[in-house]
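Only one structure is covered here, and it is reproduced in the block below.
The values are calculated or read from the model by the stated rules, or taken from the named source; none is laboratory data. This structure is a prediction, so every number in the text was calculated from the model and none was measured. Cβ placement follows ideal geometry from the backbone for every residue including glycine, while neighbour counts extend to all protein chains displayed. All accessible areas refer to the heavy atoms of the entire protein, side chains included, with ligands and DNA or RNA removed. Shrake-Rupley method; radii C 1.70, N 1.55, O 1.52, S 1.80 Å.
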Amino acid sequence: MITRRDFLAGAATAAMMQQRAAAAPIAPVAIQRCRTYGHGLEPTMRRLFDGIGGLKRIVNNKTVAIKVNLTGRPSQRLGHTPAELAHWTHPRIIGMTLHLMNEAGAKRIRILESPWSTTDPLEEYMMEANWDPGLILSAAKKVEFENTNFLGNAKDYSRLKVPNGGHMFAAYDLNHSYADCDVFVSIAKLKEHATAGVTLSMKNCFGITPCTIYGDGAGEKEPSRAPFGGRGSVIHAGSRKPSLSAPQELHPDSPRQGGYRVPRVVADLVAARPIDLAIIEGVESMAGGEGPWIRGTRRCSPGVIIAGTNPVCTDAVATAVLGFDPKAMRGTPPFENCDNTMALAEQLGVGSRDLSKIEVAGAQIADVRYEIRKA
Amino acid sequence: MAQSFRLPLRWPGSLPAGDLSPVNCLYGGGEGLPALPEAEVQIPKRAQWPSVRMNRQGAAAESGPTGAPWVNANGWLVRMLRFRDPGRQVVLDTKPAAAASPAAYVLAVADAMAYGGAWVATYARESWPQVRAAMRFFMAHSEWRDWKPVSAVAVIGDFTGLDEANGGECMNLLARRQVGYSLAAPGDLHALAGVGAAMWVSGREIPMEKYLPWVRGGGTLMAIGLASRAEGSGRVVGLDASWKDVYGVVAAIHLALTRKTDVLRLWNAGSFNSFYQVAPDGKRGVAHLINYSTNRSSDDTSIWIARPWRSAMLSSFEKQTSLKTMPVNGGIEIPLPPLGAYAAIELEA
């Protein structure tokens, strides 16, 4: 039963979230049409970054951590399509970003991902997909890879607190790489998502949670040594707790449903580990879901790259490019079965999804709109 | 010598009507063909009916730590027994379940014959045409039995006693990762020619002095319990693993090798094992693809082979198809049509 006190507390929280949403920061977003990963990529990406004020102001003399999207297993493809042409960030996009960051004075660049169920180095994971990691390593002066699905090279996990409290957890225990950097970049793929509606620069950060703590095989009291399986039981379904060494759920009586939980965790994560640069690549992609394991998925070619310094603004523009309304709420495409991650991040004060306030540089949304549900 | 290769049929009574060739002997009694000379062949008790291992309810495939299904495969066993006693042919005596499909029978043929062994054929009217076609296919390519495996690592052991248990499981799991391997006897340095790495599975102490010249020349020698160090152009690698967890040993081997040494890679092929061989003159090769799920794959399988072969042909028991190859990472990548229980990719330089 809800008491009067509960009701008043809830109303106060809602009002506070509304206030934060109204005051959420806004930053310009750049869009560039891009049909191939070939020779035209360099000038296109230069224009893209120029559209948001250039890379120098963001990365000069900084240690940069870049979370890429290598979701699923490297041995799984959408039909015959190599992962980078469907559900993974393309290595040419990663390499070109590194090259341009190097030019802009980045001191050190670390490529991060939490690969499926392994402590193997990222290089090995990439080779399994038939990538040559040497091309990424040689794209800038000081490049490193780190598998962030476990403790990795550090002695301890880093605890990152969610400002303003958080929707699901007040803090998250993450691999040190997400704390040991000056600038955090999310390079995502422009895709739909079976659980979260869309997966863009923010949803890409779902994978920063180590499965040793938040995975199906996480240790009960302490993190396991190695990750096992995905995040289905802890985060999607809430059928078990993360390792007790980590902060526990704020509201254990909240719905045990992926469409409720995943967007909230993502909003928390991008509040706890702010994204300084969001890059969403949709030169080639897939429609109908985030990976080949989703039924009915198919290849598509949106032919576009989007970037911005605020992930909510950038995702809002990307959502509109895909033919959806970033202000859509649960029950409305693409959020038929889930809450809108952008709205939840907005409530935490991360950024605004109000397209009327977001300045778009380069191509305009209408010029590049790609209705992915029709692809 | 194709004629001396025994292809037995399990048939206790008088022979069924129709063409039984290339079957040439009977196992377990029966009349009408000579009996399989059991003393001249090896019939391992450890052979298993080849399949994807199902859970106890039989409703879903069991899977390992990577999510790939467990398979009951005999390739490692055939290769180990052939290595141990090359003069005696290996024959797998495994019996199908009552409900086994024709594709399951074909898988049993391929699971033995792709590795140079034979299966004691079980006659069932509905599956016999496919079983015959499969056996005839392998008999027509009998030269493959003597082709060399393309390997990233040599597994060193004498494969008896504990060596057999550790080495055998190690080979079984290397195959699940599509890691090409060969076998070598302890102290046999000739067997390491052309192989970049070797894994000591023998329970005996390593005669390190004997191997050091090979290591210093660029080889990687791996074993559990060694101290890792560089030696000349090569290295000695002590694996951080225990034989109590052979999966962990094999993962550590693959990591020490690095996937740079992969001889082939497969996509959408979780229930497949591969066996890649090259002719003595190096001008032809074959990659056997054995699908333990037996279902014609609904996912599109792709393969990458580290060597840039000039042409590739897909041979199934029914037909041959020319394959389109694409140069990728110094090798070739090939999108494959839907595959059944077995296919061979025949390669030409």
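Determine whether B:Phe317 is within 26 Å of B:Arg132 (Cα to Cα), open to solvent by less than 20 Å² (accessible area, probe 1.4 Å) and not assigned by TED's automatic domain parsing to the domain that holds B:Gly117. Spelling it out, it is not the case that B:Phe317 is within 26 Å of B:Arg132 (Cα to Cα), open to solvent by less than 20 Å² (accessible area, probe 1.4 Å) and not assigned by TED's automatic domain parsing to the domain that holds B:Gly117.
State all residues of the range B:243-253 that are open to solvent by 50 Å² or more (accessible area, probe 1.4 Å) and either of a type outside the set (Phe, Trp, Tyr) or out of contact with any helix residue (DSSP H, G or I) (no Cβ under 7 Å at 6 or more places or on another chain) (or both); if no residue qualifies, say none. Matches in the range B:243-253: B:Lys244, B:Asp245. Please verify whether the range B:215-224 includes one or more residues that are outside the structural domain of B:Arg307 (by TED's automatic domain parsing), more than 24 Å from the chain's Cα centre (by Cα) and assigned to a helix (DSSP H, G or I). Looking through the range B:215-224, at least one residue is outside the structural domain of B:Arg307 (by TED's automatic domain parsing), more than 24 Å from the chain's Cα centre (by Cα) and assigned to a helix (DSSP H, G or I). Going through (1) among the hydroxyl-bearing types (Ser, Thr, Tyr); (2) farther than 30 Å from B:Gln48 by Cα; (3) touching a Ser or Thr at 6+ places or on another chain (Cβ under 9 Å) one by one, B:Tyr342 falls short only on (2). Within the range A:28-37, is even one residue part of a loop (DSSP other than H, G, I, E, B), open to solvent by less than 30 Å² (accessible area, probe 1.4 Å), aliphatic (A, V, I, L, M) and closer than 30 Å to A:Asn164 by Cβ? No. Scanning the range A:58-76 for residues that are within 12 Å of chain B (Cβ to nearest Cβ) and in contact with an Asp or Glu (Cβ under 6 Å, 6 or more places away or on another chain) yields one hit, A:Pro74.
Just one of (1) surrounded by fewer than 24 Cβ atoms within 10 Å (Cβ to Cβ); (2) away from chain B (no Cβ under 14 Å) fails for A:Ser224. It is (2). The set of residues in the range B:22-36 that are in contact with a Leu (Cβ under 9 Å, 6 or more places away or on another chain) and either part of a loop (DSSP other than H, G, I, E, B) or surrounded by 15 or more Cβ atoms within 10 Å (Cβ to Cβ) (or both) comprises B:Pro22, B:Val23, B:Asn24, B:Cys25, B:Leu26, B:Tyr27, B:Gly28, B:Gly30, B:Gly32, B:Leu33, B:Pro34, B:Leu36.
Restricted to the range B:247-349, the set of strands (runs of 3 or more DSSP E) holding at least 3 residues that are within 14 Å of chain A (Cβ to nearest Cβ) and on the phi < 0 side of the Ramachandran plot comprises B:264-267, B:272-278, B:302-305, B:326-328, B:331-335. The residue list B:Ile305, B:Ile332, B:Ile253, B:Ile290 contains one member that is touching a Cys at 6+ places or on another chain (Cβ under 9 Å) and under 30 Å from B:Met222 (Cα atoms), which is B:Ile253.
Comparison of B:Ala256, B:Ala269 shows that the only residue that is touching a residue at least 24 places away in the same chain (Cβ under 8 Å), open to solvent by less than 20 Å² (accessible area, probe 1.4 Å) and touching a strand residue (DSSP E or B) at 6+ places or on another chain (Cβ under 7 Å) is B:Ala256.
Taking the range B:114-130 as the range and being on the phi < 0 side of the Ramachandran plot, without any contact (Cβ under 8 Å) to a residue 40 or more places away in the chain and among the small types (Gly, Ala, Ser) as the test, the residues that pass are B:Ala124, B:Ser127. Only one of the numbered conditions (1) part of a helix (DSSP H, G or I); (2) touching a residue at least 24 places away in the same chain (Cβ under 8 Å); (3) farther than 25 Å from A:Met286 by Cβ is not met by A:Gly53, and that is (1).
Pairing residues of the range B:148-172 that are on the phi > 0 side of the Ramachandran plot and assigned by TED's automatic domain parsing to the domain that holds B:Pro50 with residues that are open to solvent by less than 10 Å² (accessible area, probe 1.4 Å) and of a type in the set (Ser, Thr, Tyr), at Cβ distances under 8 Å and at least 6 apart in sequence or on separate chains, gives no pairs at all.
Here's the yes/no breakdown for (1) open to solvent by 10 Å² or more (accessible area, probe 1.4 Å); (2) within 18 Å of A:Ala188 (Cβ to Cβ):
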{"position": "A:Glu290", "(1), (2)": "yes, yes"}
{"position": "A:Ile294", "(1), (2)": "yes, yes"}
{"position": "A:Pro334", "(1), (2)": "no, yes"}
{"position": "A:Ala343", "(1), (2)": "no, no"}
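Here A:Lys191 fulfils each of the conditions (1) of a type in the set (D, E, K, R); (2) under 15 Å from the mean Cα position of the chain (by Cα); (3) open to solvent by 10 Å² or more (accessible area, probe 1.4 Å) apart from (3).
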